[in-house]
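Accompanying notes for the structure given below.
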Amino acid sequence: MTTQTDHVDHELIRAAAHVARTRCRGDNHTMAAAGRAQDGRIVTAVNAYHFTGGPCAELVLIGAAAAQGAYQLDTIVAVGDRDRGVVPPCGRCRQVLFDYFPALKVIVGEGDRVRTVPVTDLLPETYVWADHQLDAE
């Protein structure tokens, strides 16, 4: 069961929805993501679909944020094109988001059931990648 947090960042949802509406065109770009950096900035990105497994919008967002000097994200949301609304991250994205930002909040749900949850709630019995790495001594 997910633990709802008190605040849903509607500005972040609007930013992702705007990018989905204005920048997603055709089959190559169908999802947009927006993330709020710890300094309050909003960073946006779109997916880069390719038959070889191009990255999801959330993963593109991590790189876009780093390119802008935003190395810590507080909250993230993904929104589908064609007014599909908030879309939860896929399994790969959940793991990567957790590995990069273990305290990250993720906006999920649809319609009036949109809520913000810790990324850890999206990965029960989480595999912590760093815990399984050999020390390089």
Can you list residue pairs whose Cβ atoms sit under 7 Å apart, with the first residue in the stretch 11-23 being farther than 13 Å from Asp81 by Cα and the second being of a type in the set (D, E, K, R)? Count only pairs 6 or more apart in sequence or on different chains. Leu12/Arg36
Quick check on the stretch 15-62: of everything there that is of a type in the set (S, T, N, Q) and open to solvent by 50 Å² or more (accessible area, probe 1.4 Å), which residue is nearest to the chain's Cα centre (by Cα)? Thr44
Go through the stretch 82-117 and give me each residue that's open to solvent by 100 Å² or more (accessible area, probe 1.4 Å) and either under 15 Å from the mean Cα position of the chain (by Cα) or of a type outside the set (Lys, Arg) (or both). Asp83, Arg92, Tyr100, Glu110, Asp112
From the list Gly35, Gly53, Gly63, exactly one residue is in a loop (DSSP other than H, G, I, E, B) and within 30 Å of Glu125 (Cα to Cα). Which is it? Gly53
Go through Thr126, Thr120 for me and flag whichever is closer than 21 Å to Arg36 by Cβ, open to solvent by 40 Å² or more (accessible area, probe 1.4 Å) and not in a strand (DSSP E or B). Thr120
Within the stretch 85-116, tally of residues that are at negative phi, part of a loop (DSSP other than H, G, I, E, B) and free of Cβ contacts under 8 Å to residues at least 40 places away in the same chain: 8
Restricting attention to the stretch 72-84, does a residue exist that is within 24 Å of Gln133 (Cβ to Cβ), assigned to a loop (DSSP other than H, G, I, E, B) and out of contact with any Pro (no Cβ under 7 Å at 6 or more places or on another chain)? yes
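The values are calculated or read from the model by the stated rules, or taken from the named source; none is laboratory data. Not measured: the values here are computed from a predicted model. Glycine also receives a Cβ, built like all others from the backbone with ideal geometry; neighbour counts cover every protein chain displayed. Note: areas computed on protein heavy atoms with side chains; ligands, DNA, RNA excluded. Shrake-Rupley method; radii C 1.70, N 1.55, O 1.52, S 1.80 Å.
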